[in-house]
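Only one structure is covered here, and it is reproduced in the block below.
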Amino acid sequence: MTLPRADWTFLKRLSANMGWQARVVSHAPERKVKMTETEFQEKLEQSSAHAAAGQYVEMRADETVDQFVDRMLCM
């Protein structure tokens, strides 16, 4: 669980009252790498090209969301 430093004192006191043990682990989470504006535009253009070529999948009128996702996963 990751908490802001301001909440740590409260959690430490609460855990002591509950008989738990809380400790600080100095592990920085990995940063998500965001795509650049150029990469985003390239992906958008590629997606538009696929749609224009008819290369897309749509949900059928008679299927549920679960059935649609199952069908997508089995392709």
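A few points about this structure:
- Of all stretches in the chain that contain no chymotrypsin sites (Phe, Trp or Tyr not before Pro) in a DSSP loop with at most 16 other Cβ atoms within 10 Å, the longest one is 21-55.
- With all protein chains kept in place, the per residue accessible area of the chain amounts to 101 square angstrom at a probe of 1.4 angstrom.
- Coil-residue trypsin sites (Lys or Arg not before Pro) of the stretch 19-75, DSSP, other Cβ within 10 Å capped at 10: 23, 31, 32, 34, 60
- Exposure here means at most 11 other Cβ atoms within 10 Å; with GluC sites (Glu not before Pro) in a DSSP loop as sites, the longest stretch of the chain lacking them is 1-29.
- Cα-centre dipole for the chain with unit charges at Cβ (Lys and Arg positive, Asp and Glu negative), debye to 20: 860 debye
- Calculated [θ] (222 nm, deg cm²/dmol) that DSSP helices of n ≥ 4 give over the chain, each run adding -39,500 (n - 2.57): -16500 deg cm²/dmol
- When the convex hull of its Cα atoms is projected in every direction, mean area for the chain (nm²): 10.7 nm²
- Accessible area of the chain belonging to carbon and sulfur atoms, whole % at 1.4 Å probe: 55 percent
The values are calculated or read from the model by the stated rules, or taken from the named source; none is laboratory data. What you see is a predicted model; the values in this text were computed from it and never measured. All Cβ positions, glycine included, derive from the backbone under ideal geometry; neighbour counts span all protein chains shown. In case anyone asks, the SASA skips ligands and DNA or RNA and just uses the protein heavy atoms, side chains included. Shrake-Rupley method; radii C 1.70, N 1.55, O 1.52, S 1.80 Å.
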